[in-house]
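Heads up: the structure comes next, in structure tokens.
The values are calculated or read from the model by the stated rules, or taken from the named source; none is laboratory data. Since the model is a prediction, treat every value here as computed from it, not as a measurement. Here the Cβ positions follow ideal geometry from the backbone for every residue, glycine too, while neighbour counts run over all protein chains shown. Calculation scope for accessible area: heavy atoms of the full protein, side chains included, ligands and nucleic acids excluded. Shrake-Rupley method; radii C 1.70, N 1.55, O 1.52, S 1.80 Å.
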Amino acid sequence: FHDSNNARLTFDGLQELHLLRSEIERGKDALSLFDYGSDGVTLPVRLVEVRSGRSRTTYALKTRIERALAIGQLSTGTRSVVKTNIRAFRSRANYTTFNGTARRSPIQKYGEKVLKKDTFAGFMYLSNTDISCNDDQVYFYGYDVIYGRIHSNTEIWLKNFGGWPTFHGFATTGETFMAASGAIPYDDVFLGGYDEEVGTVAFFPTADLIRQNGTEPIDNPGDILLVDFQGPSFVCYAGFIEDILPPDTLIVFNQFPPYGPVGDSIGYNVITFVDTLWSPPLGGSLTNGQSYWVDAELWVHGMIENKVTWGASGDIKLVDDLWYAGTPIGDSPDGFDNNGQQTGNVNDDDMLGLVSEGQIWISYGYVHPSDTLLRLKPNCDGIFIYAALCALGDGGGEGWEDGIFSFEYQYPHFSTHFVYDWMNTQEDFRYVDLHLGNYPPANPPYWPFPANGGGGMNYEAYPLSGGKRAPDYPWYNPIWPEQVPTKERGEIHLYGSVAQRRRGFVHRSGGDPLDTGHWDMENYWFGPPAWGVNGPGTSGGGVGYNKDYHYDHRFMENPPPDYPEVSVTSGKTPFRGIALRIISPPRHF
């Protein structure tokens, strides 16, 4: 009898261990389907009856799901705990209750599994819609070789141009994969597997975790906060956009130097003079595991030491390279190349997240507060970005207002502040562009271009432009005026991830449907194909960047602090297990 009883108790322990693992997965599934909030929930008790010959045992499985705020070295965020207790009874299932005592085995198992949500940084590429800002299709081409997971809530279009694209990570879409031409060779394209019509990832317009837990670096960031990361510290300047001179009235002529002598008056512009006034530099330290919140537009560059996330209510502009103190520029911070081969040491110390409630832009150029006469264009021969990027902006149906990762100044043309007419009057003619057209343009005429007749303007060949060219739309160039702008700007060397509400452009051909031949910026109509010179070491006839994207695999397990978490509006919310503990059951459960 003693041996038989010990065998039954041993069997109880083994059976409960198996049931414990499956029941915890049941709790995980329930958590992925419903958001139970901070109070938690207890699932209905599950009864499993097991018979063997004349022996009958019913196992009662009780599971509770709770939330907890875990503050760790890597990040601060919500965690979920699935707690399961299993008891055994020598009775039929319909006579068994979890809290019963009659004929209950002394053996019971109890386990806790800690889970965390996936974050947006868990994807190399994530978008709410793969439709462009122009509301037309955007494609993955043969030039696109993507490592890490990708997902879009809408159709993902593939095109056999330069070959088919290659996805080394798991690829999913809330709809389907579509081919612009021919049939997709799935085995050759999706090397990491794929799935269609999966859950839709919710893109909330606010960075709630950063707003809740983030530290404000300074009391008053103004309209723009420029942050220069300097290892474990930073220096920042607050920019305040203000009127600096009273309004002025400028006459608009149908002809104006350097396109010929001053012509007839056809209207006037009333111009308000605005500039950015910068505060003295202010310093601070980067606290490991901390997020920072800026209620303004945020400009960033420099070297990052420690694990931090910076969020902004406005746009974020990358004005120069961003890199990690513990990783040589050009190396991967996760220590592996795109083929999974270890090429260096894993950087366990440094990590950056950038989250905008608007958009994220690669800056064309800027004027540094320390020298307002110096115009800087460091990104015109490529840019290194070591960061997880997230643009959450909700444009309310206007594609150009949605959260995108893109680049500034996509349609460059020469611009000039004044010209010296040495051949005729030997005078300085100032505000050339504002004497040539209505600003902002009436509807019609739009901002003039020779290709459209230029509103009757008689443009002459301008030697600096290489032919008949109208001036740039006023102040469209971020460092206006500039006589010779840059078109091709090298490569985006990204070591991290990109999440955006809408897929933004990183390169323009100059031939999309909105290249209408005239400017209407309010409706996002742009001038004809851009003019300028290519950046150092670049080639091509378009404008912008080529992609050199490397996923930072560290983000799968350890995302930047307070980075947006994945929730789904349909299907299951993905959770990742952190730890499973099988311990003595609590007295009351």
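Summed over the stretch 99-138, residues that are farther than 25 Å from Asp402 by Cα, of a type outside the set (S, T, N, Q) and part of a strand (DSSP E or B) total 11.
Scanning the stretch 309-324 for residues that are surrounded by fewer than 24 Cβ atoms within 10 Å (Cβ to Cβ) and either under 17 Å from Gly284 (Cα atoms) or of a type in the set (Asp, Glu) (or both) yields Asp315, Asp320, Asp321.
Listed by position, the strands (runs of 3 or more DSSP E) contained in the stretch 178-265 that have at least 3 residues being surrounded by fewer than 19 Cβ atoms within 10 Å (Cβ to Cβ) and of a type in the set (Val, Ile, Thr) are 233-253.
Within the stretch 267-283, being surrounded by 13 or more Cβ atoms within 10 Å (Cβ to Cβ), on the phi < 0 side of the Ramachandran plot and in contact (Cβ under 8 Å) with a residue 40 or more places away in the chain holds for Asn269, Ile271, Thr276, Trp278, Ser279, Pro281, Leu282.
Please go through the stretch 285-302 and give me each residue that is in a strand (DSSP E or B) and in contact (Cβ under 8 Å) with a residue 60 or more places away in the chain, ordered by number. Break it down stepwise before answering.
At the first step, the residues of the stretch 285-302 found to be in a strand (DSSP E or B) are 285, 290-294, 297-302.
Within the stretch 285-302, Gln290, Ser291, Tyr292, Trp293, Val294, Glu297, Leu298, Trp299, Val300, His301, Gly302 qualify.
When Arg503 is tested against (1) surrounded by 15 or more Cβ atoms within 10 Å (Cβ to Cβ); (2) within 24 Å of Asn134 (Cβ to Cβ); (3) at pLDDT below 90, only condition (3) is not met.
If you check Trp475 against the conditions, is it modelled with pLDDT of 65 or more, of a type in the set (A, V, I, L, M, F, W, C), within 30 Å of Asp548 (Cα to Cα) and open to solvent by 20 Å² or more (accessible area, probe 1.4 Å)?
Numbers: modelled with pLDDT of 65 or more: yes; of a type in the set (A, V, I, L, M, F, W, C): yes; within 30 Å of Asp548 (Cα to Cα): no; open to solvent by 20 Å² or more (accessible area, probe 1.4 Å): yes.
No: the conditions fail for Trp475.
Looking across the stretch 1-25, the residues that are within 25 Å of Val114 (Cα to Cα) and surrounded by fewer than 17 Cβ atoms within 10 Å (Cβ to Cβ) come down to Gly13, Leu14, Leu17, His18, Arg21, Ser22, Glu25.
Scanning the stretch 147-167 for residues that are out of contact with any Asp or Glu (no Cβ under 8 Å at 6 or more places or on another chain), under 18 Å from Asp187 (Cβ atoms) and open to solvent by less than 20 Å² (accessible area, probe 1.4 Å) yields Ile150, Leu158, Phe167.
Within the stretch 126-146, the set of residues being closer than 11 Å to Phe167 by Cα, open to solvent by less than 40 Å² (accessible area, probe 1.4 Å) and out of contact with any Leu (no Cβ under 7 Å at 6 or more places or on another chain) comprises Gly142, Asp144, Ile146.
Quick grid of which residues meet (1) modelled with pLDDT of 90 or more; (2) farther than 30 Å from Arg211 by Cβ; (3) under 35 Å from the mean Cα position of the chain (by Cα):
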{"residue": "Arg8", "(1), (2), (3)": "no, yes, no"}
{"residue": "Leu14", "(1), (2), (3)": "yes, yes, no"}
{"residue": "Leu31", "(1), (2), (3)": "no, no, yes"}
{"residue": "Val50", "(1), (2), (3)": "yes, yes, no"}
{"residue": "Lys62", "(1), (2), (3)": "yes, yes, no"}
{"residue": "Ala68", "(1), (2), (3)": "no, no, yes"}
{"residue": "Arg79", "(1), (2), (3)": "no, no, yes"}
{"residue": "Val82", "(1), (2), (3)": "yes, no, yes"}
{"residue": "Phe89", "(1), (2), (3)": "yes, yes, no"}
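What residue, of Glu522, Glu557, Glu482, is at pLDDT below 90 and surrounded by 22 or more Cβ atoms within 10 Å (Cβ to Cβ)?
Numbers: Glu522 fails: surrounded by 22 or more Cβ atoms within 10 Å (Cβ to Cβ); Glu557 fails: surrounded by 22 or more Cβ atoms within 10 Å (Cβ to Cβ).
Glu482 is the lone residue from the list that is at pLDDT below 90 and surrounded by 22 or more Cβ atoms within 10 Å (Cβ to Cβ).
State whether one or more residues within the stretch 416-433 are at pLDDT 80 or above, open to solvent by 20 Å² or more (accessible area, probe 1.4 Å) and among the hydroxyl-bearing types (Ser, Thr, Tyr). Checked against the condition, which is being at pLDDT 80 or above, open to solvent by 20 Å² or more (accessible area, probe 1.4 Å) and among the hydroxyl-bearing types (Ser, Thr, Tyr), the stretch 416-433 yields at least one hit.
Taking the stretch 29-54 as the range and being touching a strand residue (DSSP E or B) at 6+ places or on another chain (Cβ under 7 Å) and either open to solvent by 50 Å² or more (accessible area, probe 1.4 Å) or in a loop (DSSP other than H, G, I, E, B) (or both) as the test, the residues that pass are Tyr36, Ser38, Gly40, Thr42, Leu43, Val45, Arg46, Leu47, Glu49.
Would you call Thr101 among the β-branched types (Val, Ile, Thr), out of contact with any Gly (no Cβ under 8 Å at 6 or more places or on another chain), surrounded by 22 or more Cβ atoms within 10 Å (Cβ to Cβ) and closer than 28 Å to Arg21 by Cβ? Give the steps one after another, and end with the answer.
Values: among the β-branched types (Val, Ile, Thr): yes; out of contact with any Gly (no Cβ under 8 Å at 6 or more places or on another chain): yes; surrounded by 22 or more Cβ atoms within 10 Å (Cβ to Cβ): no; closer than 28 Å to Arg21 by Cβ: yes.
In short, no.
A single member of Leu376, Leu354 is touching a residue at least 12 places away in the same chain (Cβ under 8 Å), farther than 26 Å from Thr119 by Cα, hydrophobic (A, V, I, L, M, F, W, C) and surrounded by 15 or more Cβ atoms within 10 Å (Cβ to Cβ), and it is Leu376.
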